[in-house]
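Novice: The structure follows.
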Amino acid sequence: MNSSILSGSCPNTNKLTFPILDQFNVTIEATHNPLEIPLENLFSMAARLNKKRSFLFVSKLLGKHIAVNPYTSLLSGAALAILLFEDLSHGEDKRISEWKQRMVSGLIDPDQAREVYEYLMNVEMTLPEEVKFVGFAETATALGHSMYELFAARATYIHSTREYLPEMEPDIQFEEEHSHAMSHRCYALDSKSLAEGGPLVLVDDEITTGNTTLNIIRDIQRTYPRKQYYIASLLDWRTDADEQRFSALENELGISITPLSLLKGKIKVMGEPSINASTEKLVNESTSLIRVMSVAGELEPWAAVSEDSERNRWSAPYLRYTGRFGVHSGHNSILSSGISRIAALLREKRKGERTLVMGTGEFMHIPMRIAAEMGSGVWYQSTTRSPIYTVNRPGYAVIAGEGYASPEDPAVQNYIYNVSPGQYDEIFVLMERHMSEDRMQPMLQVLSRLGCKQIYVVYCGVPQEG
């Protein structure tokens with residue numbers, strides 16, 4: 001967080017004010033910070049091209065709009081896992097205090113992130129009972145996966161998807177009321193991913209009103225009833241009225257809902273933004289050399305047909321263990337082996353000291369894990385659906401970006417943010433599914449203008465038959 005964007009704040013206060021584009025102010029009052037992580041390590045801010053909310057908390061942990069050390073992002077899910085373990089074990093494990101201390105040092109200092117992450121993965125935390133994890137697409141697919149996989153056993157994970165699979169019946173379908181992309185579906189291949197009984201953890205990067213969470217709890221409770229839910233998020237901005245709605249649902253359904261977050265607080269907005277959709281482009285005169293390569297066969301494929309908004313169908317296989325179709329603890333070693341093989345292949349392609357690995361849309365966790373194993377000097381971020389106002393000025397979180405029609409659905413706009421000419425020696429863009437050249441063309445045009453001499457488009461899945 002650049003000090004130039006703070007106003008009227010001092011190190012000891014729990015209130016911070018962010019002036020955004022000299023048009024409006026957002027004041028944050030922190031009410032709960034269980035790990036005592038400095039706010040400047042959690043997020044910065046930008047203006048949002050959305051009528052429902054004019055600003056965006058730009059996470060410094062997720063690796064979506066800002067490139068991050070991949071181990072830092074993996075640790076953000078691990079931090080939520082520790083908070084969950086503490087609650088489920090009633091804080092009786094004497095190691096929790098040490099885990100928290102190590103966690104904070106890893107989140108604050110990127111140089112310590114790898115050591116802390118590997119230490120926590122080797123602890124092999126054991127859950128007291130079976131726990132189900134559900135991550136919300138698209139931003140929390142990796143966050144939910146990294147939270148789930150900190151546990152050695154008794155865990156399952158599935159993430160929602162905005163993609164429509166016409167030949168499969170969704171186990172859960174719900175609406176996201178405050179998003180530019182509304183419909184979510186969960187396609188579980190194994191009922192264990194959502195089976196009734198034990199606690200279920202809903203994972204999102206940020207909870208604003210909590211209405212999406214209430215929607216999905218209602219839907220799950222109809223089909224897979226249970227007594228205990230957790231809502232895990234990096235940031236929780238629910239008002240008192242929002243929390244009362246959660247209490248009302250608890251009473252109505254006879255359930256408990258426990259919130260877990262790295263930061264809980266209140267938001268106050270002063271002023272009216274006046275922002276149009278014209279934003280600063282990724283301006284660059286040179287054209288990047290783009291090479292297409294495949295690592296298909298290193299990760300198990302899964303055949304499924306998708307249908308886009310124009311009712312075109314695409315049958316190139318997905319990957320089995322992304323979380324889209326559900327995974328459980330027994331799958332973790334299989335996935336890790338495949339990730340290590342791909343990371344080794346991509347390490348051999350590296351020529352420079354500054355490398356960006358880019359995930360695409362919901363395909364975030366596997367690229368993040370691959371980036372973590374590609375050596376030092378590797379950063380990670382992902383493409384996104386979020387429309388953000390970009391402007392190149394000191395202290396502003398999103399200085400440049402450009403949009404393009406998604407290869408998966410041409411009616412959906414995707415964006416790449418904060419990549420400047422000469423910033424990286426090479427960029428690896430990882431795709432879950434093999435897409436046709438026609439579908440890829442809008443994305444390739446944007447990639448060619450990033451100002452990086454060498455870009456690899458890496459297909460992790462096999463081509464469509466026929």
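Novice: So what's the back-of-envelope 222 nm ellipticity for the chain, counting only DSSP H runs of four-plus at -39500 (n - 2.57) apiece and dividing by all residues, rounded to 500? Before the final figure, lay out the partial values.
Specialist: Working: 9 runs with 119 residues, N = 466.
Here the helix-only value at 222 nm equals -8000 deg cm²/dmol.
Novice: Along the Cα→Cβ direction, 7 angstrom out, place labels at Ser315 and Glu272. What is the inter-label distance in nm?
Specialist: 5.5 nm
Novice: So, with a 1.4 angstrom probe, what is the percent of accessible area on the chain that is carbon and sulfur? Could you put the intermediate results ahead of the total?
Specialist: Numbers: 8590 of 18760 Å².
Carbon with sulfur: 46 percent of the solvent-accessible area.
Novice: Got a sec to turn the phi values of the range 255-269 into Karplus ³J(HN,Hα) couplings, 6.51 cos²θ - 1.76 cosθ + 1.60 with θ = phi - 60°, whole Hz, x for Gly and Pro?
Specialist: 10, 10, 10, 10, x, 10, 7, 7, 8, 10, x, 10, 10, 9, 10
Novice: Taking only C-alpha pairs under 8 Å that are 6+ residues apart, what is the relative contact order of the chain in percent? Don't jump to the answer; show the numbers that get you there.
Specialist: On the way: 1065 pairs, mean separation 86.2, N = 466.
Reported relative contact order: 18 percent.
Novice: Here is a follow-up. Take every DSSP beta bridge with both residues inside the range 41-188 and express the antiparallel ones as a percent of the total, to the nearest 5.
Specialist: Numbers: 10 of 17 bridges.
In the range 41-188, DSSP labels about 60 percent of beta bridges as antiparallel.
Novice: With a 1.4 Å probe and every protein chain left in place, work out the accessible area per residue of the chain in Å², rounded to a whole number.
Specialist: Working: 18760 Å² over 466 residues.
Computed with neighbouring chains in place, this is 40 Å² per residue.
Novice: Tell me the label only: which of (i) 0.98; (ii) 0.94; (iii) 1.05 is Rg/Rh (Cα atoms, Kirkwood Rh) as calculated from this structure?
Specialist: Of the labelled values, this structure produces (ii).
Novice: How large is the Kirkwood hydrodynamic radius of the range 287-361, counting all unique pairs of alpha carbons, in Å? Please list the in-between numbers first.
Specialist: Values: mean 1/r = 0.0664 Å⁻¹.
Averaging 1/r across every pair of different Cα atoms and inverting gives 15.1 Å.
Novice: Calculate how large, on average over all directions, the projected area of the Cα convex hull of the range 35-139 is; give the answer in nm² to one decimal. Spell out each step's value before the answer.
Specialist: On the way: hull surface 31.6 nm².
One quarter of the hull surface, i.e. the mean projection, equals 7.9 nm².
Novice: Here's a follow-up. Just the number, please: percent antiparallel of the DSSP beta bridges in the chain, rounded to the nearest 5.
Specialist: Working: 40 of 88 bridges.
Looking only at bridges with both residues in the chain, the antiparallel portion is about 45 percent.
Novice: For the range 377-385, what does the Karplus curve 6.51 cos²θ - 1.76 cosθ + 1.60, with θ = phi - 60°, yield as ³J(HN,Hα) per residue in whole Hz, taken in order and with x for Gly and Pro?
Specialist: Here the 3J(HN,Hα) series is x, 9, 10, 9, 7, 9, 5, 8, 8 Hz.
Novice: Among the helices of the chain (complete DSSP H runs), which have Cα atoms covering no less than 24 Å along the helix axis and a Kyte-Doolittle mean of at least 1.0?
Specialist: 70-88
Novice: A further question on this structure: Which shape class applies to the range 328-466: rounded if a/c is under 1.5, otherwise prolate when a/b exceeds b/c and oblate if not, where a ≥ b ≥ c are the square roots of the Cα gyration tensor eigenvalues? Write down the numbers at each step before the final one.
Specialist: Values: a/c = 1.63, a/b = 1.23, b/c = 1.32.
Verdict is oblate for the range 328-466.
Novice: Follow-up. So, in Å, what gap is there between the alpha-carbon centers of the range 129-156 and the range 34-99?
Specialist: 14 Å
Novice: About its Cα centre, what dipole magnitude does the chain give when the only charges are +1 on Lys and Arg Cβ and -1 on Asp and Glu Cβ, stated in debye to the nearest 20? Don't skip to the answer; put the middle values down first.
Specialist: Numbers: 45 positive and 58 negative charges, 145 e Å.
Roughly 700 debye for the chain.
Novice: How would you classify the range 79-219 from its alpha-carbon gyration tensor, with a ≥ b ≥ c the square roots of the eigenvalues: rounded for a/c under 1.5, else prolate if a/b is greater than b/c, otherwise oblate?
Specialist: Details: a/c = 2.09, a/b = 1.65, b/c = 1.26.
Judged from the Cα gyration tensor, the range 79-219 comes out prolate (a/c at least 1.5, a/b above b/c).
Novice: Taking a ≥ b ≥ c as the square roots of the eigenvalues of the Cα gyration tensor of the range 140-218, is the shape rounded (a/c under 1.5), prolate (a/b larger than b/c) or oblate?
Specialist: oblate
The values are calculated or read from the model by the stated rules, or taken from the named source; none is laboratory data. Here the structure is a predicted model, which means the values were calculated and not measured. Reconstructed Cβ throughout: ideal geometry from the backbone, glycine too, with neighbour counts over all protein chains shown. We work out accessible area using only protein heavy atoms, side chains counted, and drop any ligands, DNA or RNA first. Shrake-Rupley method; radii C 1.70, N 1.55, O 1.52, S 1.80 Å.
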